Amino acid sequence: MDQNLQIFNSLSRKKEDFKPINPPFVGMYLCGPTVYGDAHLGHARPAIMFDVLFRYLRHLGYKVRYVRNITDVGHLENDLDEGEDKIAKKAKLEQIEPMEVVQYYTDNYHRDMKSLNVLSPSIEPSASGHIIEQIKMIEAIIQHGMAYEVEGSVYFDVLAYDAKYKGQERYGILSGRIIEDLLNTTRELDGQEEKRNTLDFALWKKAKPEHIMRWPSPWGDGFPGWHIECSAMSGKYLGEKFDIHGGGMDLLFPHHEGEIAQSRAANGVNPAKYWMHCNMITLDGKKMGKSLGNAISLEQFFKGDHPILEQAYTPMTIRFFILQAHYRSTVDFSNEALIAAEKGFNRLMSAYEILNKIEAGTESTINLHPWIQNAYDAINDDFNTAILISYLFEACSWIHGLNEKRLSLNPTDLDTFKKYMMVFTEDILGLKNEKSANSSEEGLMDLILNLRMKVRANKDFATSDEIRDRLLELGYAIKDGKEGTGWGRI
RNA sequence: GGUAGCGUGGCCGAGCGGCUAGGCAAGGCUCUGCAAAAGCCUCUACUCCGGUUCGAAUCCGGACGCUACCUCCA
């Protein structure tokens, strides 16, 4: 916990020292997915970024409660009165129960996150399970005069809110938006006559008779608005004021701005001390997004099943690829970039494996301490995983040096080196070797390679090359080396 | 139009005033029966134009180009 962690706070647009509100406890909340479609590359980024955050805070000794929600109600297709719940729409399309859609895509999301070695959050609440909390919160906002009911729907009164907090934290504090500008530039949308102001947003929407997802409320049957779920659930599990709230940059406005306004209106406080936003993953320089139709699902990446993909990419390649860029930068997807990431990652993992076989020497020719501190400094500097990875590659070349006896470490230092390689690679970055060979395969290959070695000793290169070529056809690459012959699946 | 931000070597990507990451590709070398693999070495870039400074990719001003948000979005 004695590391000097700095986090870029979207609220102040500056890096700030991380000081938890209630050490050693840390509460963090990440806006999870709306489960109406397959998880795509864009979902992976915040999940991985918060995973590293979660892992690191735990590594530092904090007691972390990590809440990541599942949004399974309430997202309007648009802000029109005809607006229809996303889940309901999908359900109608596929002729199934809305909760069936939710279950299916939630399972998919979990499966993909698990492949990416993303740890489960401490609590994963769903919006549909917290309707009562949301209603209570809306009632509080109405009571404080910052929301109003019209025809069974409830809207947040942005101007009333702004008037109340003028001079302190106006509406727009997070996104830098200015009410007057918004009033001038907000597009004219139809069907907004219920609202007092175009900026107002729905807290509760009346459900039409044909609407299938609906809950009873003091204002009649309906469903919650988009932003209220996160406010209600974060408040319930993390308290009115917690440490870190995050999500994709596209949620900064209006979603997170709305959350701040709702929480302040209901209980007077900005819910989070630090707001973190990760940038977009782009495809040909354009944001990858479901609604833009250019999203490639994680499953498609893992299987190579998409016209744009030249090959399949393993989950760890995806994770490594994302970690190689800083979370606040956009990262542009391309086959070339992913293939580069794949090769780099394999090199890292093969060195990591060799490390286990290194034997200690009598003295140390590597000074580990600056390296360890540099690596910590990198992660402390607003999670600069790219820099941290560069130190891992420095370590790679040491490992090769140790392996070839050009370098040496005494027993204590070797243990330290191994320990920190594990800390940085596995514990913090969550990278792991995914080479999977079952034991019978292992045995068979040992047998074949031993036979080939004998043949080679007799200079029967025709046979040895035949073995090599036939194995290649079967998808196994032979790697002759000084220390014997290794192999790998292609 | 408003609000954030970006423009770095063949490609991807760090960088927050001097020490000028890292990965991939490329070239060379080592190893090797050959090949592959692997390892080692090499490769000095910051869109443009001004300014501040002893010194700028890094700060300031301007131009051009690009992106995100302002509608659902990770």
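The values are calculated or read from the model by the stated rules, or taken from the named source; none is laboratory data. As the structure is a prediction and not an experimental result, all values here were calculated from the model. For neighbour counting, all protein chains shown are included, and Cβ atoms are generated from backbone atoms with ideal geometry for every residue, glycine included. Side chains are part of the model used for accessible areas, which takes the heavy atoms of the whole protein and leaves out ligands, DNA and RNA. Shrake-Rupley method; radii C 1.70, N 1.55, O 1.52, S 1.80 Å.
Looking at region A:37-65, which of the residues that are among the charged types (D, E, K, R) and under 12 Å from the mean Cα position of the chain (by Cα) is nearest to RNA strand B (Cβ to nearest atom)? Write out each step before concluding.
Initial filter on region A:37-65 (among the charged types (D, E, K, R)): A:38, A:45, A:51, A:55, A:58, A:63, A:65.
This time we only want the ones that are under 12 Å from the mean Cα position of the chain (by Cα), so: A:45, A:51.
Working: A:Arg45: 4, A:Asp51: 14 Å.
The qualifying residue nearest to RNA strand B (Cβ to nearest atom) is A:Arg45.
Looking only at region A:326-373, which residues are charged (D, E, K, R), farther than 30 Å from A:Pro46 by Cβ and either away from RNA strand B (no atom under 14 Å from the Cβ) or surrounded by 16 or more Cβ atoms within 10 Å (Cβ to Cβ) (or both)?
As a first pass, look at region A:326-373 and keep what is charged (D, E, K, R): A:328, A:332, A:336, A:342-343, A:347, A:353, A:357, A:359, A:363.
Pick out the ones that are also farther than 30 Å from A:Pro46 by Cβ and you get A:353, A:357, A:359, A:363.
A:Glu359, A:Glu363, listed by residue number.
Within region A:470-478, does at least one residue satisfy the condition of being open to solvent by less than 70 Å² (accessible area, probe 1.4 Å) and either at positive phi or touching a residue at least 60 places away in the same chain (Cβ under 8 Å) (or both)? Working first, answer last.
Taking region A:470-478 and keeping what is open to solvent by less than 70 Å² (accessible area, probe 1.4 Å), we get A:471, A:475-478.
Those left that are additionally either at positive phi or touching a residue at least 60 places away in the same chain (Cβ under 8 Å) (or both): A:475.
The answer is yes, given that some residue of region A:470-478 is open to solvent by less than 70 Å² (accessible area, probe 1.4 Å) and either at positive phi or touching a residue at least 60 places away in the same chain (Cβ under 8 Å) (or both).
Within the bounds of region A:166-180, is there any residue that is surrounded by 15 or more Cβ atoms within 10 Å (Cβ to Cβ) and on the phi > 0 side of the Ramachandran plot?
As a first pass, look at region A:166-180 and keep what is surrounded by 15 or more Cβ atoms within 10 Å (Cβ to Cβ): A:169-175, A:177, A:179.
Among the residues that remain, those that are also on the phi > 0 side of the Ramachandran plot are: A:172.
Yes; the residues of region A:166-180 include at least one that is surrounded by 15 or more Cβ atoms within 10 Å (Cβ to Cβ) and on the phi > 0 side of the Ramachandran plot.
Tell me whether region A:16-23 contains one or more residues that are at pLDDT 95 or above and not in a loop (DSSP other than H, G, I, E, B).
Yes, there is a match, as at least one residue in region A:16-23 is at pLDDT 95 or above and not in a loop (DSSP other than H, G, I, E, B).
A:Thr317: more than 8 Å from RNA strand B (Cβ to nearest atom), open to solvent by less than 10 Å² (accessible area, probe 1.4 Å), of a type in the set (S, T, N, Q) and not assigned by TED's automatic domain parsing to the domain that holds A:Leu57, yes or no? Explain how you work it out, then say what you get.
Numbers: more than 8 Å from RNA strand B (Cβ to nearest atom): yes; open to solvent by less than 10 Å² (accessible area, probe 1.4 Å): yes; of a type in the set (S, T, N, Q): yes; not assigned by TED's automatic domain parsing to the domain that holds A:Leu57: yes.
Yes, satisfied.
Could we say that A:Ala395 is more than 7 Å from RNA strand B (Cβ to nearest atom), farther than 22 Å from A:Met280 by Cβ and touching a Pro at 6+ places or on another chain (Cβ under 7 Å) here?
Values: more than 7 Å from RNA strand B (Cβ to nearest atom): yes; farther than 22 Å from A:Met280 by Cβ: yes; touching a Pro at 6+ places or on another chain (Cβ under 7 Å): no.
Answer is no for this residue.
Exactly one condition in (1) more than 26 Å from the chain's Cα centre (by Cα); (2) at pLDDT 95 or above; (3) charged (D, E, K, R) is false for A:Glu359; which is it?
Here A:Glu359 clears every test but (2).
This table checks each residue for (1) under 19 Å from A:Ile322 (Cα atoms); (2) under 24 Å from the mean Cα position of the chain (by Cα); (3) more than 9 Å from RNA strand B (Cβ to nearest atom); (4) open to solvent by less than 10 Å² (accessible area, probe 1.4 Å).
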{"site": "A:Ile379", "(1), (2), (3), (4)": "yes, yes, yes, yes"}
{"site": "A:Ile399", "(1), (2), (3), (4)": "no, no, no, yes"}
{"site": "A:Glu404", "(1), (2), (3), (4)": "no, no, no, no"}
{"site": "A:Thr412", "(1), (2), (3), (4)": "no, no, yes, no"}
{"site": "A:Lys435", "(1), (2), (3), (4)": "no, yes, yes, no"}
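If you go through region A:12-21 one residue at a time, how many are surrounded by fewer than 19 Cβ atoms within 10 Å (Cβ to Cβ) and either of a type in the set (A, V, I, L, M) or within 20 Å of A:Arg68 (Cα to Cα) (or both)?
In the first step, residues of region A:12-21 are kept if they are surrounded by fewer than 19 Cβ atoms within 10 Å (Cβ to Cβ); the result is A:12-17, A:19, A:21.
Within this subset, residues satisfying the condition of being either of a type in the set (A, V, I, L, M) or within 20 Å of A:Arg68 (Cα to Cα) (or both) are A:21.
Total satisfying the criteria: 1.
Of all residues in region A:227-250 being of a type in the set (A, V, I, L, M, F, W, C) and crowded, with 21+ Cβ neighbours inside 10 Å, which is nearest to RNA strand B (Cβ to nearest atom)? Break it down into steps so the answer makes sense when it comes.
Keep residues of region A:227-250 that are of a type in the set (A, V, I, L, M, F, W, C), which gives A:228, A:230, A:232-233, A:238, A:242, A:244, A:249.
Remaining after also requiring crowded, with 21+ Cβ neighbours inside 10 Å: A:228, A:230, A:232-233, A:238, A:242, A:244.
Numbers: A:Ile228: 12, A:Cys230: 10, A:Ala232: 15, A:Met233: 14, A:Leu238: 18, A:Phe242: 18, A:Ile244: 14 Å.
Among them, the one singled out is A:Cys230.
From the list A:Asp157, A:Asp107, which residue is charged (D, E, K, R) and free of Cβ contacts under 8 Å to residues at least 12 places away in the same chain?
Values: A:Asp157 fails: free of Cβ contacts under 8 Å to residues at least 12 places away in the same chain.
None of the others qualify; the one that does is A:Asp107.
Within region A:447-460, is there a residue that is in contact (Cβ under 8 Å) with a residue 12 or more places away in the chain, touching a strand residue (DSSP E or B) at 6+ places or on another chain (Cβ under 8 Å), more than 30 Å from A:Phe383 (Cβ to Cβ) and open to solvent by less than 80 Å² (accessible area, probe 1.4 Å)?
First pass over region A:447-460, keeping only residues in contact (Cβ under 8 Å) with a residue 12 or more places away in the chain: A:448-449, A:451-453, A:455.
So of that shortlist, the ones also touching a strand residue (DSSP E or B) at 6+ places or on another chain (Cβ under 8 Å) come out as A:449, A:452-453.
Now restrict to residues that are more than 30 Å from A:Phe383 (Cβ to Cβ): A:449, A:452-453.
Right, trim to open to solvent by less than 80 Å² (accessible area, probe 1.4 Å) and you get A:449, A:452.
Scanning region A:447-460, I find at least one residue that is in contact (Cβ under 8 Å) with a residue 12 or more places away in the chain, touching a strand residue (DSSP E or B) at 6+ places or on another chain (Cβ under 8 Å), more than 30 Å from A:Phe383 (Cβ to Cβ) and open to solvent by less than 80 Å² (accessible area, probe 1.4 Å), so the answer is yes.
Filter region A:332-367 for residues that are of a type in the set (D, E, K, R) and more than 19 Å from A:His306 (Cα to Cα) and give the result. Walk me through it before giving the result.
At the first step, the residues of region A:332-367 found to be of a type in the set (D, E, K, R) are A:332, A:336, A:342-343, A:347, A:353, A:357, A:359, A:363.
Matches in region A:332-367: A:Lys343, A:Arg347, A:Glu353, A:Lys357, A:Glu359, A:Glu363.
Does at least one position in region A:287-306 carry a residue that is more than 8 Å from RNA strand B (Cβ to nearest atom), assigned to a strand (DSSP E or B) and not assigned by TED's automatic domain parsing to the domain that holds A:Ile244? Step through it out loud before you land on a result.
Looking only at region A:287-306, we keep the residues that are more than 8 Å from RNA strand B (Cβ to nearest atom), and these are A:293-294, A:296-306.
Add one more test, that the residue is assigned to a strand (DSSP E or B), and what stays is A:297.
Now narrow it down to the ones that are not assigned by TED's automatic domain parsing to the domain that holds A:Ile244: A:297.
Checked region A:287-306: at least one residue is more than 8 Å from RNA strand B (Cβ to nearest atom), assigned to a strand (DSSP E or B) and not assigned by TED's automatic domain parsing to the domain that holds A:Ile244.
Would you pick out the residues in region A:364-388 that are part of a helix (DSSP H, G or I) and either closer than 23 Å to A:Asn9 by Cα or outside the structural domain of A:Leu323 (by TED's automatic domain parsing) (or both)? Full working, then the answer.
So in region A:364-388, the residues part of a helix (DSSP H, G or I) come out as A:368-380, A:385-388.
The answer is A:Asn374, A:Ala375, A:Tyr376, A:Asp377, A:Ala378, A:Ile379, A:Asn380, A:Thr385, A:Ala386, A:Ile387, A:Leu388.
Could you please let me know if A:Ile389 is crowded, with 19+ Cβ neighbours inside 10 Å, under 23 Å from A:Lys343 (Cα atoms) and under 34 Å from the mean Cα position of the chain (by Cα)? Walk me through how you get there before you give the answer.
Details: crowded, with 19+ Cβ neighbours inside 10 Å: yes; under 23 Å from A:Lys343 (Cα atoms): yes; under 34 Å from the mean Cα position of the chain (by Cα): yes.
Spelling it out, A:Ile389 is indeed crowded, with 19+ Cβ neighbours inside 10 Å, under 23 Å from A:Lys343 (Cα atoms) and under 34 Å from the mean Cα position of the chain (by Cα).
Any idea which residue in region A:278-309 is nearest to the chain's Cα centre (by Cα), counting only those that are basic (Lys, Arg) and under 19 Å from A:Tyr105 (Cα atoms)? If you could, list the steps in order and put the result at the bottom.
Going residue by residue through region A:278-309, those that are basic (Lys, Arg) are A:286-287, A:290, A:303.
Then drop every residue that is not under 19 Å from A:Tyr105 (Cα atoms), which leaves A:290, A:303.
Numbers: A:Lys290: 16, A:Lys303: 20 Å.
Going through the qualifying residues, I end up with A:Lys290.
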